[in-house]
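Peer 1: Take a look at this one; I'll ask things after.
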Amino acid sequence: MKLIGDGETYGYEIVETLKKYGFQEISEGTVYPLLIRLKKNKLLYSKDKASPYGPKRKYYSLTEKGEKELENFYQTWLELRNVIDVVFKDYKGGATR
């Protein structure tokens, strides 16, 4: 949802961006069902646009509900990250007790 929140985008572009971020095993077969589910839950809307490279592309954007959900997820992530930082604060990495 974060990638869609950055601006209107389409499925293949999402896959390629995720690969650039290091998710090498991600595939369209993983992303498209998620997009369909997010749209069904009214977190995304889509519109078809002409592509200069072939058939029309379905571009996705966040709905207002989707923007709120993304913000809620981000706040939850920040809280979780803070807790994990506290838990691992004194961790020495690989050292046995």
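Peer 1: Failed condition for residue 49, given (1) surrounded by 10 or more Cβ atoms within 10 Å (Cβ to Cβ); (2) in a helix (DSSP H, G or I); (3) not aliphatic (A, V, I, L, M), with all others met?
Peer 2: (2)
Peer 1: Identify all residues within region 13-46 that are more than 15 Å from residue 65 (Cα to Cα), of a type in the set (Ser, Thr, Tyr) and surrounded by 14 or more Cβ atoms within 10 Å (Cβ to Cβ); write none if there are none.
Peer 2: Those that are more than 15 Å from residue 65 (Cα to Cα), of a type in the set (Ser, Thr, Tyr) and surrounded by 14 or more Cβ atoms within 10 Å (Cβ to Cβ): 17, 32.
Peer 1: Of the conditions (1) in a helix (DSSP H, G or I); (2) surrounded by 10 or more Cβ atoms within 10 Å (Cβ to Cβ), residue 85 satisfies every one except a single condition; which number is it?
Peer 2: (2)
Peer 1: What are the residues in region 35-46 that are outside any strand (DSSP E or B) and either touching a residue at least 40 places away in the same chain (Cβ under 8 Å) or more than 14 Å from residue 9 (Cβ to Cβ) (or both), if any?
Peer 2: 36, 37, 40, 41, 42, 43 - these are the residues of region 35-46 that are outside any strand (DSSP E or B) and either touching a residue at least 40 places away in the same chain (Cβ under 8 Å) or more than 14 Å from residue 9 (Cβ to Cβ) (or both).
Every residue, every condition in (1) aromatic (Phe, Trp, Tyr); (2) touching a Leu at 6+ places or on another chain (Cβ under 7 Å), yes or no:
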{"site": "2", "(1), (2)": "no, yes"}
{"site": "19", "(1), (2)": "no, no"}
{"site": "22", "(1), (2)": "no, no"}
{"site": "41", "(1), (2)": "no, no"}
{"site": "44", "(1), (2)": "no, yes"}
{"site": "53", "(1), (2)": "yes, no"}
{"site": "60", "(1), (2)": "yes, yes"}
{"site": "74", "(1), (2)": "yes, no"}
{"site": "80", "(1), (2)": "no, no"}
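Peer 1: Please enumerate the residues belonging to region 52-73 that are loosely packed, with under 13 Cβ neighbours inside 10 Å and among the hydroxyl-bearing types (Ser, Thr, Tyr).
Peer 2: If the condition is that a residue be loosely packed, with under 13 Cβ neighbours inside 10 Å and among the hydroxyl-bearing types (Ser, Thr, Tyr), then 53 is the only one that fits.
Every residue, every condition in (1) more than 24 Å from residue 77 (Cα to Cα); (2) at pLDDT below 95; (3) in contact with a Pro (Cβ under 9 Å, 6 or more places away or on another chain), yes or no:
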{"position": "6", "(1), (2), (3)": "no, no, no"}
{"position": "9", "(1), (2), (3)": "no, no, no"}
{"position": "28", "(1), (2), (3)": "yes, yes, no"}
{"position": "36", "(1), (2), (3)": "no, no, no"}
{"position": "43", "(1), (2), (3)": "no, no, no"}
{"position": "52", "(1), (2), (3)": "yes, yes, no"}
{"position": "58", "(1), (2), (3)": "yes, no, no"}
{"position": "64", "(1), (2), (3)": "no, no, no"}
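The values are calculated or read from the model by the stated rules, or taken from the named source; none is laboratory data. Just so we're clear, the structure is a prediction, and the values are computed from it rather than from any experiment. Methodologically, a virtual Cβ is constructed for each residue, glycine included, from the backbone with ideal geometry; neighbour enumeration extends over all protein chains shown.
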